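Engineer: Input: one structure, supplied below.
The values are calculated or read from the model by the stated rules, or taken from the named source; none is laboratory data. The structure displayed is predicted, hence computed values, not measured ones. Here the Cβ positions follow ideal geometry from the backbone for every residue, glycine too, while neighbour counts run over all protein chains shown. Calculation scope for accessible area: heavy atoms of the full protein, side chains included, ligands and nucleic acids excluded. Shrake-Rupley method; radii C 1.70, N 1.55, O 1.52, S 1.80 Å.
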Amino acid sequence: MRKQLVLEDGFHLFGEAFGSLEDSEVFEIVFNTSMTGYQEILSDPSYFGQGVLFTNPLIGNYGINRDDFEALRPSLSAVFVSTLCERPSNFRSKLSFEEFLLGAKIPALQGIDTRAVVRHIRSQGVLRGKIVSADADVAAVQKELCETPLRHDHTLQVMTKKAYEIPASGKRIVLMDFGAKLNILHALVDHGCSVIVVPGNSSLEEILSYAPDGILVSNGPGDPADNKEAIQTLARLIEKDIPIFGICLGHQLISLAKGGRTYKMKFGHRGANQPVVDLKTGKVLITSQNHGYAVDEKSLEGTGLVPTYVNLNDKTIEGVRDVSHPVSSVQFHPEAAAGPHDAYCLIRDFLKTIDEKEDFIHA
C-alpha cells in the first residue's frame, strides 16, 4: 500500500507502507545514523512521540531477538527506512523487522528517500509529521500538524508507575526512572548493585527512605524543563551530598536543578558515532547518543557546575561535574546499547565516587 509522509512545512514524500497500515498519530520526525542496533532504537523510551528515520540504507537484516530490548514495549510513533530486509538471517532472530512493527501496531514506510528527508531536517530543523494515505490533502494535513499542540507529559508516559527493587549484596542505588533503558539497569546489576527503580517524579522523602548509597538519574524523552517537580527534588538531593550520576535527560535535569538552562537543538544527536573529548585528559570517546536538547554552556556560570566533556562536531556540552558536591552527568550513554563501549567505565567511576565518599567520611 502506497502512503505518504507529510511534514508541517508542506514537505511530503511517498513510500510503501508496512507494519501498521493505519495513519499515524502526529509525531516529531528525527533521524538516527547508527549502522546497527535498530532493535535497541525501536525500544528506547526516549523516542516517545517521535518518528524515527534510519539513515543506514538497509534495515532489518538480522531480525528481532528476545534479548536486545531496551523496554518491554516500544514508545516511538513511526519508522522510516530506505530498504527493508524481508528475510533476516541471524541465529538469535525470532521475528522480522516488519513482524515486530506489525505486532506493536507501529506504522512505517519503506522505499522513501531517506537522504532527502535528512537533508530537509538538517536545513529546516526538527518538524512535526504524519503518515497518511497517498491521496490525502497535503494542505489539510499540514494545517492539522501546525495546529496540534505540543505535549508536555513525555516522561510520565514511559516512567515506571511504582517502585521496585532488584536486590543484591552491593551498593544500594536508586535509579530515578524517566524512561530508563534496560541496559542502564543491567550495567548497575552487573556491578553487583542492589537497584531500587523509582518513578522519576518521586518525592525527596520517598527517595531518601531507601537509604541510597548513590542515585542515578536516567535518560528519557521530551523537554527537560517540563519535569519541574523532579528538578526541585534533584536540587534538594544534591545538597544532601549523596553521589549522583545523570545520563542524557538526567544530565539536563541536573544542570537545570543547579540553575542552568537547556535549549532545543536544530536536529539533535542520534547515533552510535558521536565523538566527545574528555576536557581533563584530552582523550576522545566515540559515544552512543539520543537527544534533542542540550545544556547552555553560558548558563553554567555561577552554578558550581563545570564542563567535563564537549562534542567535537558542534562543541555542545556533553558532561558536567559539581565542584562542591559528588555529582556528575553525561549527555551520552555509557551503557552503550547499542554502540561503542568507550564510555562504559563511567558507570564504574560513579560507583567509585561512593567508595571515595565513604573513605572520606570514615577517615
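Engineer: Those residues that are open to solvent by less than 20 Å² (accessible area, probe 1.4 Å) and over 30 Å from Ile286 (Cβ atoms), I need them from the stretch 21-60; list them, please.
Structural biologist: Ser24
Engineer: Sticking with this structure for a sec: Leu253: in a helix (DSSP H, G or I), hydrophobic (A, V, I, L, M, F, W, C) and either modelled with pLDDT under 95 or crowded, with 18+ Cβ neighbours inside 10 Å (or both), yes or no?
Structural biologist: yes
Engineer: Among Glu70, Glu16, Glu40, Glu28, which is the only one that is over 24 Å from the mean Cα position of the chain (by Cα) and at pLDDT 95 or above?
Structural biologist: Glu16
Engineer: Would you tally the residues in the stretch 236-250 being in contact with a helix residue (DSSP H, G or I) (Cβ under 7 Å, 6 or more places away or on another chain) and surrounded by fewer than 17 Cβ atoms within 10 Å (Cβ to Cβ)?
Structural biologist: Within the stretch 236-250, residues that are in contact with a helix residue (DSSP H, G or I) (Cβ under 7 Å, 6 or more places away or on another chain) and surrounded by fewer than 17 Cβ atoms within 10 Å (Cβ to Cβ) number 1.
Engineer: Quick one: which strands (runs of 3 or more DSSP E) lie wholly within the stretch 144-235 and hold at least 2 residues that are surrounded by 18 or more Cβ atoms within 10 Å (Cβ to Cβ)?
Structural biologist: In the stretch 144-235, 172-177, 194-199, 214-217 are the strands (runs of 3 or more DSSP E) which contain 2 or more residues that are surrounded by 18 or more Cβ atoms within 10 Å (Cβ to Cβ).
Engineer: Is it true that Gly319 is closer than 22 Å to Lys240 by Cα, touching a residue at least 24 places away in the same chain (Cβ under 8 Å) and in a strand (DSSP E or B)?
Structural biologist: Yes; evaluated as a whole, the condition is true for this residue.
Engineer: For residues in the stretch 206-229 being under 18 Å from the mean Cα position of the chain (by Cα) and free of Cβ contacts under 8 Å to residues at least 60 places away in the same chain, which is nearest to Val330 (Cα to Cα)?
Structural biologist: The residue in question is Ser218.
Engineer: Quick one: Thr353 ticks every box in (1) among the hydroxyl-bearing types (Ser, Thr, Tyr); (2) under 16 Å from the mean Cα position of the chain (by Cα); (3) modelled with pLDDT under 95 bar one, so which box is it?
Structural biologist: (2)
Engineer: Continuing with this model, one more query. Confirm whether Leu101 is buried (at least 20 other Cβ atoms within 10 Å of the Cβ), at pLDDT 95 or above, under 25 Å from the mean Cα position of the chain (by Cα) and not in a helix (DSSP H, G or I).
Structural biologist: When the stated conditions are applied, Leu101 does not pass them.
Engineer: Please list, ordered by first then second residue, the pairs with beta carbon atoms under 6 Å, 6 or more apart or interchain, first in the stretch 100-121 and of a type in the set (Lys, Arg), second modelled with pLDDT of 95 or more.
Structural biologist: Lys105/Ser20
Engineer: Would you mind finding the one in Phe332, Phe350 that is within 24 Å of Lys181 (Cα to Cα), touching a Ser or Thr at 6+ places or on another chain (Cβ under 6 Å) and of a type outside the set (Val, Ile, Thr)?
Structural biologist: Exactly one residue qualifies, and that residue is Phe332.
Engineer: Of the residues in the stretch 55-82, how many are under 26 Å from His154 (Cβ atoms), assigned to a loop (DSSP other than H, G, I, E, B) and touching an Asp or Glu at 6+ places or on another chain (Cβ under 9 Å)?
Structural biologist: Going through the stretch 55-82 one residue at a time, the tally reaches 8.
Engineer: Looking only at residues that are among the small types (Gly, Ala, Ser) and either more than 25 Å from Val6 (Cβ to Cβ) or out of contact with any Gly (no Cβ under 9 Å at 6 or more places or on another chain) (or both) in the stretch 61-93, which one is least open to solvent (accessible area, probe 1.4 Å)?
Structural biologist: Here the residue is Gly63.
Engineer: Oh, and also: Output yes when any residue across the stretch 295-311 is open to solvent by less than 70 Å² (accessible area, probe 1.4 Å), within 18 Å of Ile184 (Cβ to Cβ) and among the charged types (D, E, K, R), and no when none is.
Structural biologist: The answer is no, given that none of the residues of the stretch 295-311 is open to solvent by less than 70 Å² (accessible area, probe 1.4 Å), within 18 Å of Ile184 (Cβ to Cβ) and among the charged types (D, E, K, R).
Engineer: Residue by residue through the stretch 174-200, note down the ones that are in contact with a helix residue (DSSP H, G or I) (Cβ under 8 Å, 6 or more places away or on another chain) and without any contact (Cβ under 8 Å) to a residue 60 or more places away in the chain.
Structural biologist: Val174, Leu175, Val195, Val197, Val198, Gly200
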